[in-house]
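Read the structure below first, then the notes.
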Amino acid sequence: MFLFQVSNVHNVNAVKESPHEKMETYIQLAWTFSTGIGIILFLAEITIICWLQFINVSKEAAIASTAIVVPVLVVFLIFAAFFYKKLISHKYERSYRDLEDLQQELEQLQQTHSAMDNTHNGSQQIV
């Protein structure tokens, strides 16, 4: 989901040694809990506080506060699903491009290797 990289001018291999790639799953999980579930719990808390505040005044006011919070929650869930879908789509496309690049590099290496084999075999036959 998130890719963080550490760069050092004097040590290019620091990017590969970065703990962010190893901890990517934990970072994603922490982000999901803190942001997604945190907002849902916050909206639930607002609803409960409104019920506690307005239940003594009128039941209609408590229902009205819930009627305001529920659409906000639904919009948030739709946004979260849309955002997650876009994020996964981007990650898939990036991985697909990386695999295509690796495939092209493999083909180039195979062509170079076969050309070198032909050169070595041809020189051995001449001698």
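The numbers here are math on the coordinates, done by the rules we state, and not lab data. Remember, it's a predicted structure, so these values are computed and weren't measured experimentally. In this analysis, Cβ positions are derived from the backbone assuming ideal geometry, glycine residues included, and neighbour counts consider all displayed protein chains.
Report the gain in length on full extension from K91 to Q110: 0.36 nm times residue separation, minus Cα-Cα distance, nm rounded to one decimal. Present the calculation step by step, with values, prior to reporting the outcome.
On the way: separation 19, 0.36 × 19 = 6.84 nm, distance 2.84 nm.
My answer for the length gained is 4.0 nm.
Pulled fully out, how much extra length does the chain show between E21 and L102, if you take 0.36 nm times their separation in residues and subtract their Cα-Cα distance? Spell out each step's value before the answer.
On the way: separation 81, 0.36 × 81 = 29.16 nm, distance 1.96 nm.
Working it through step by step, the gained length comes to 27.2 nm.
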Legend entry - Estimated distance in nm for a label pair at A61 and D117, the labels positioned 7 Å out from Cα along Cα-to-Cβ: 8.5
Legend entry - Three-way shape label, the range 32-92, alpha-carbon gyration tensor, a/c 1.5: oblate
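Can you compute the FRET efficiency between I78 and L29 using 1/(1 + (r/R0)^6), with r the Cβ-Cβ distance and R0 = 22 Å? Round to the nearest 0.05. Spell out each step's value before the answer.
Details: r = 22 Å, r/R0 = 1.00.
Rounded to the nearest 0.05, the efficiency is 0.50.
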